[in-house]
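One structure is given below, encoded as C-alpha cells.
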Amino acid sequence: MAPSHGDSALASGSRRMLLTSLETRSTVYVGGKGGVGKTTVSSGIAHALAARGRRVLVASTDPAHSLGHLWRVSVGDSPVLLAQPQGGELHGVELDPQATLERHLAAVRATMDRMLPERMHKAAREHLDLAAQAPGSHESAMLERIASVTELTGTEFDTVVFDTAPTGHTLRLLSLPERLTGWTERLLANRDKSERYQAAMSSLVTGRHRDEPESELRQMLHRRRQRFAAMHTDITDGSAGFVAVTVAERLPLAEHAELVAELDVLGIDLAGVVVNRRAPSESGALLKARSALEEAALADQPPAAPGTPLVSLPLMAEDLTGAEQIARIGSMLTG
Amino acid sequence: MKTLEEAYAGPYRQSLARDRRDEDDLFTLVVLGEALGVPDPAAYYTMELMPYLYQDFHAWHRRMGIPRSPLDHVACC
Amino acid sequence: MSSLVLMLVGLAILILGYVLYSKFLARRVFKLNEDFKTPAHELEDGVDYVPTNKFILWGHHFTSVAGAAPIVGPAVAIIWGWLPAFLWVTFGTVFFAGMHDLGSLWASTRNKGRSIGSLAARYIGKRGAALFLVVIFLLLLMVIAAFAVVITGLLVGTPSSVIPTWGAIGVALLVGVAVYKLKWPLVPVTVVGVVALYSLIVLGDQVPVILPDDFLGIGPASFWIITLFVYGAIASLLPVWILLQPRDYINGVQLFVGLALLYGAVLIGALFTASKPELVAPMWNTDVPAGTPSLVPLLFVTIACGAISGFHGMVSSGTSSKQLDKETDARFVGYFGAVGEGLLSLGTILAVAGGIGSVARWEEIYANFGAGGVNAFVEGGGALMENGIGLPASLSATVLATMAVLFAATTMDTGIRLLRFVVQEIGDAAKFKINKVWATLIVVAVGLGLTFSQGLDGDGGLRIWPLFGTTNQLLASLTLSIIAIMLIRKRRNPLPALLPLVLVFVMSFWAALEQLITFADPANPDWLLFVLDVVIIVSSIWVAVEAFIAMRKAGRDDPEPADADERLVAVREDL
C-alpha cells in the first residue's frame, strides 16, 4: 500500500499541495479518459473538502451518470445530501440537460406564440422540435446547467466539484463559452451594421432619425454575450481548477498529455493530476511486473510538469462504493 | 415637395437598403442554418432567434433563389 | 450652315421619333398593357422592386445610361463630316436605340425583371447565357482601357480639370460620410457638394496642373493611367454608398447642367449674339486624313452610345424594369431615355462641328483618325459657351472636361467592379476561389496591360475605341435577337427589331474584319487588340448562329399563349 514513488515524504507533500491547490477554487473539474475513475476521484476530493468544514456539491455531467451507483443512493437532477463529515456538507447531483432543454424550448415557444400569427404556430413548433434534436443542443443545455450550478458557489455551496464526461466531450464543452462569445459578437456586429444602414436610410430626407429602443433581438444577443463571457471568465480566471485523472498505462497517458495541452490552450488551470490504480510492487510477480511497466511508462510520459501536484492512488482490492470507502479515498488523496 | 425629396433620395436609399438586406440575409442564413442542413454549433441559442425571422422568411428564401419553403414544416408557399 | 438649324432639325427628328415611332412600338409591337402586373408590384420588396413614378424613373434611368461614351463617339466620328454623324445619331436614336431600350425594358418586365443574361438563357439556351458572359467580359475590359485613355487625354489636354476631377472624388466621399455617418439630409448635402465642385472648377481653372514631361520618369500620361487604375481598384472595393452613390448624384446634376449649357449656348448664341455659331466642319469630309478607315462600316461602331448601345439593355433589364409602375411607362422611360442620350450626342456634334473657331483649326485638330475625340468636344463646347453665354472659354472648357472625366471615371470603376465579379465567377467555375482583392488585382493588371499596349505617344490615339463600339453593338445584337425571338413567339411583327438587328450586326461584323487588318498592319501592329478582335469575330459568328437557331425554333413552335408571361413562375434574381 505504499505509494510506488517509494518516497512517502515526497508523496505526502504532493497530497498537501493538491489540497492547497483545491482549497482556493470555487469550482473543480475532474476529467480524463473513460474508465479511469473520475467519479471515484471527484467524490473523494469532494469528501475531503467537506471534511474540512466546507459545503461541497459534487455534480456529475456525464450523461452516463454513476454518482448514485458510487454512493449507493439515488441521485437526481436536484442536489441530495450525501454526507456530513466534520461539520461540512457534501451534496450530490446528476445534471440532466433534458429538463433544461425543455424549459428552454418552452420559453422559445412562448416567444413564438407571442410574435407569430396564429396560423404559423403549428409549423413553427414543429420546426423548433427539429432544432431541439440538433446534436449541439443537448451539449449547450448541459453548458447552461453547468453555468447555473456554478452560480450556486458562494451562496449555497463553497465548492462545486464537477465529475465530467470523458475527455473529448468535456474539452468541447469547456471551449463552448469562448466560441459562443465569438458567435454572438459576430451576430451583434451584423445587427449593428444592419441598423446603421436603417438609420442612414431613415435620415436621408429629413436628416433626423429616432434612436430606436434596442430591439428585443439585440437585447437577447447582448444578454447572451454577457452570459457566455461570464462563463468563459468563470473557467479561466483561476477560481476554477481542473484535476486530470489517468492510469499509468501508455495509451491513457498519451490521451492525458493531450488533455493537459488542450487545457493550457483553453486557459484553464491544471490544479492537479491523479494517477489512479497504481499496481503495488511487492504483491506477487504479476503485479510486480505491471508495476515496473507503469514506472517505465510514467518515466517516458510524465503526467504532470514539475510544480503541478501529482498524487497516486494504489490499486485496491475492495469494492470502492459507499460513503466509507469514499471518505477513505478522500483522505488518501489529500492527507 | 416631400415626394420630390423622396424621389431624389431613392437611389441612395436603395443602395443602403441593399447592403442592409445583405446583412439581414446573412443573419437569417446563420440562424436557419441548422434547418437547412448546415450544422450549427449553437442551435440551442439560435432557436431563440427564430421567432424574429419567420416574418421575413418568405421573402428571404425567394431571394436566395429557393422558390418554395426549404423548411419542411414551414409551409409558407 | 448655322448650328441652330442643325440643332432644331435634330431635336425635331428626336421628338417626332418619340411622338410617332415609340407610339407605334408601344401599341402595335410590344402592345404595352396598362393592366399588366409589373414586377415592381408583383415582387415589391422596398429595395429592388419598387413601383416608381415614370418621370422619376426616367431621371434615374437616363442618368444611369448617359456617360462619356455618347460624347467620345461623335467627337471622333465627326472626322467623316457632320452629316454622317448627325444622321446616324438622330435616326439611330429613333429607330435603333429607342427601340432597343424600350424593347429590353419590355422584355425584362415581361420576365419578372430578369436581366439580359437570364433572358439569353431562357430564349437562346445555356450557350446563350455563356455567350452573354463572354461578350460582357470583353465589353467591360475594353471600356476600362478605353476610358483610362480618354481620361488621361482630358487631364493632359485640359490641365485645369485636374483639381476639380480629384477634388470631386473627395467631395463625393465627404457627401457619403455626411449621409451615412452624420445622417445629414441628402438634398442640402448634395447641393453643398455641387457648389463645392463648381468652386473647385473655378479654382482648377486658375491653377492648372501641368505635369512635366519626365514626371517621375514615366511621363504624365503613364502616371495618370496608373493613378486611375489605383483609384479604380480602391473605388471598386468600397461599399457603393460611400463614394459611388454620392458621385452619381454629382454626375446627375452635371449631366443636366452640361446639356442646358450646351443647348442654351447654341440657342442664345444664334439668336442674340453677333457671331452666330456656324458649322466649320465639312458636311461630308471627302478629304479624310490618311489612315482614316472607311465611313461604312466604321461610323456605326465609332458611334455606339448615342445611336444604339448594348450597355443600355443592362440598365433596362437589371434595374429599371424592377421599378416600372405600369408597363405603359416603359415607352417614356426606355424610349425617352434613349432620346436623352441622343441629345447628349447631338450636343457633342454641335460642339465639335460648330464650336471650333475656324476650318483651319478644325483640320488641325482632326489631323488623323481618333485624334480629336473628347478634347475637341471640350474645346468646341467651351468656345460655344463663351460665345453664347459669356462664360470664359477656359472656364467653360474646364466645366465640360470635368464633366466628361467624372462620367468616364464612374464607368471605369463600375467596370472594374463588374469585371471583378466576372473573374470570381470564372474562378468558381474552375473550382478556384479568388478573393475580391485578388480578383481586382487581376482585373487591374489586365486593364493596365491593354491600356499601355496602345502606345501613349499621342498619335496612337484611341485605337481601341471602335473595337469597344463593336463589342457594344454585339451586345446590342444579342439583346435585339432576344426581343425578336420574343416577338416571334408571340406572333407579332418582328421587323422593328429584326431590321436594326441585321444592320447593326452586319456593320459591326464588317467593322471587326476591317479592324483586324489595321491591327495586323506591319507598320503599326497591335497584337493584343488583334487577338481581342479575333475573339469578338468568333463571338459574333456564335451570336448569329445561336440567334438564327433560336428564331427558327420560335417560328416553328406553337405560338405562346396570351397569358404566358403572367404564368411565369415568379423567381427573384439579384445580380
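Under 8 Å between Cβ atoms, at least 6 apart or on separate chains: pull out the pairs that start in region A:159-188 with a residue that is within 30 Å of A:Arg52 (Cα to Cα) and of a type in the set (Asp, Glu) and end on any residue that is at pLDDT 90 or above and assigned to a loop (DSSP other than H, G, I, E, B).
A:Asp163/A:Thr61
Does region A:189-205 contain any residue that is away from chain B (no Cβ under 12 Å) and part of a helix (DSSP H, G or I)?
Taking every residue of region A:189-205 in turn, none turns out to be away from chain B (no Cβ under 12 Å) and part of a helix (DSSP H, G or I).
Look at region C:363-411 and say how many of its residues are more than 19 Å from C:Ala260 (Cβ to Cβ) and not in a helix (DSSP H, G or I).
Final tally of qualifying residues: 7.
So, A:Leu101, is that one under 31 Å from the mean Cα position of the chain (by Cα), crowded, with 18+ Cβ neighbours inside 10 Å and at the interface with chain B (Cβ under 8 Å from one of its Cβ atoms) or not?
Considered against the rule, which asks whether it is under 31 Å from the mean Cα position of the chain (by Cα), crowded, with 18+ Cβ neighbours inside 10 Å and at the interface with chain B (Cβ under 8 Å from one of its Cβ atoms), A:Leu101 comes out as yes.
Does any residue in region C:48-74 that is over 21 Å from C:Gly372 (Cα atoms) come within less than 8 Å, Cβ to Cβ, of a residue that is of a type in the set (Lys, Arg) and buried (at least 24 other Cβ atoms within 10 Å of the Cβ) six or more places away or on a different chain, and which pairs are these?
Within 8 Å, the pairs are C:Asp48/C:Lys322; C:Tyr49/C:Lys322; C:Val50/C:Lys322.
Suppose the filter is surrounded by fewer than 16 Cβ atoms within 10 Å (Cβ to Cβ), under 20 Å from C:Gly291 (Cβ atoms) and modelled with pLDDT of 90 or more; does C:Leu513 pass it?
Yes: the conditions hold for C:Leu513.
Given the options C:Leu154, C:Leu140, C:Leu200, name the one that is modelled with pLDDT of 90 or more, in a helix (DSSP H, G or I) and touching a Pro at 6+ places or on another chain (Cβ under 7 Å).
On the way: C:Leu154 fails: touching a Pro at 6+ places or on another chain (Cβ under 7 Å); C:Leu140 fails: touching a Pro at 6+ places or on another chain (Cβ under 7 Å).
Being modelled with pLDDT of 90 or more, in a helix (DSSP H, G or I) and touching a Pro at 6+ places or on another chain (Cβ under 7 Å) holds for just one of C:Leu154, C:Leu140, C:Leu200, which is C:Leu200.
Note down all Cβ pairs under 8 Å where the first residue falls in region A:295-315 and is more than 21 Å from A:Leu22 (Cα to Cα), the second is modelled with pLDDT of 90 or more and loosely packed, with under 12 Cβ neighbours inside 10 Å, and they're at least six residues apart or on different chains.
Partner pairs satisfying both residue conditions: none exist.
Here is a yes/no grid of residues against (1) modelled with pLDDT of 85 or more; (2) within 20 Å of the chain's Cα centre (by Cα):
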residue	(1), (2)
C:Ile389	yes, no
C:Ser396	yes, no
C:Thr402	yes, yes
C:Leu406	yes, yes
C:Thr411	yes, yes
C:Gly415	yes, yes
C:Leu419	yes, yes
C:Gln424	yes, no
C:Ala430	no, no
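Quick check: is even one residue across region A:137-153 surrounded by fewer than 21 Cβ atoms within 10 Å (Cβ to Cβ) and over 18 Å from the mean Cα position of the chain (by Cα)?
So far as region A:137-153 goes, no, none of its residues is surrounded by fewer than 21 Cβ atoms within 10 Å (Cβ to Cβ) and over 18 Å from the mean Cα position of the chain (by Cα).
Say we look at region B:33-56 and pick out the residues that are outside any loop (DSSP other than H, G, I, E, B) and more than 9 Å from chain A (Cβ to nearest Cβ); which of these is modelled with the highest pLDDT?
B:Asp56
Name the residues in region A:125-164 that are of a type in the set (Gly, Ala, Ser) and in contact with a Lys or Arg (Cβ under 8 Å, 6 or more places away or on another chain), would you?
A:Ala147
Okay, residues lined up against (1) among the basic types (Lys, Arg); (2) part of a helix (DSSP H, G or I):
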residue	(1), (2)
C:Leu4	no, yes
C:Leu11	no, yes
C:Leu14	no, yes
C:Arg28	yes, yes
C:Asp35	no, no
C:Glu44	no, no
C:Tyr49	no, no
C:Phe55	no, yes
C:Val72	no, yes
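Suppose the filter is touching a residue at least 40 places away in the same chain (Cβ under 8 Å) and over 14 Å from C:Lys326 (Cβ atoms); does C:Ala97 pass it?
yes
Answer yes or no as to whether A:Thr308 is assigned to a loop (DSSP other than H, G, I, E, B), surrounded by fewer than 18 Cβ atoms within 10 Å (Cβ to Cβ) and among the β-branched types (Val, Ile, Thr).
no
Could you run through region C:109-132 and say how many residues are within 19 Å of C:Asn472 (Cα to Cα), small (Gly, Ala, Ser) and surrounded by 24 or more Cβ atoms within 10 Å (Cβ to Cβ)?
Summing the residues that are within 19 Å of C:Asn472 (Cα to Cα), small (Gly, Ala, Ser) and surrounded by 24 or more Cβ atoms within 10 Å (Cβ to Cβ) in region C:109-132 gives 2.
The values are calculated or read from the model by the stated rules, or taken from the named source; none is laboratory data. Since the structure is predicted, the reported quantities are computational estimates derived from the model, not experimental observations. For neighbour counting, all protein chains shown are included, and Cβ atoms are generated from backbone atoms with ideal geometry for every residue, glycine included.
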